[in-house]
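All remarks here apply to the structure that follows.
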Amino acid sequence: MSEMHRTLELMRPEDVNGERAPQPTLANIGTLIEQARAAGVSVELSAYRIVQEALTNVVKHAGRAHAAVSVRYGEGELALEIVDDGHGTPRADTPRSEHGLVGMRERVALFGGALSAGPHDGRGYRVRALLPYGGDR
């Protein structure tokens, strides 16, 4: 394998436009989006918005809880999972509404994906979203 890597290194042109610079990470996503928008591309961050809404629901409904966010890049889909260990019911001062879940379902449906949301292990709540890479949009 090492020999193959060395062979490929020899076949590549000299450092074209910073190819050997450190690769960007999700921390650079804002810059990427702005570049695309400047070029006239409409950009939506559905995965981000789904996680944002799920965490908003944790704040509103779970009380003092711990939340875990998992993002997995599979071969054909992006999988999101947001799990909390809270009590799972709305606080007394928070009006109950399912607009957040409806919005998440709509975003997932745009990509031909699937969303499941509900109580988890008798305590807490879990949201799972699967977003196919080659979805409808």
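The values are calculated or read from the model by the stated rules, or taken from the named source; none is laboratory data. A quick note: this is a predicted structure, and the numbers were derived from the prediction, not measured. Using ideal geometry, Cβ is built from the backbone for each residue, glycine included, and neighbour counts are taken over all protein chains shown.
Quick look at the numbers
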{"quantity": "Complete set of residues in the stretch 57-87 that are in contact (Cβ under 8 Å) with a residue 60 or more places away in the chain and either outside any helix (DSSP H, G or I) or exposed (fewer than 14 other Cβ atoms within 10 Å of the Cβ) (or both)", "calculated": "ALA62"}
{"quantity": "Answer from ALA27, ALA54, ALA36 - the residue that is modelled with pLDDT of 80 or more and not in a loop (DSSP other than H, G, I, E, B)", "calculated": "ALA54"}
{"quantity": "Of all residues in the stretch 88-123 being modelled with pLDDT of 90 or more and outside any helix (DSSP H, G or I), the one that is surrounded by the most Cβ atoms within 10 Å (Cβ to Cβ)", "calculated": "GLY113"}
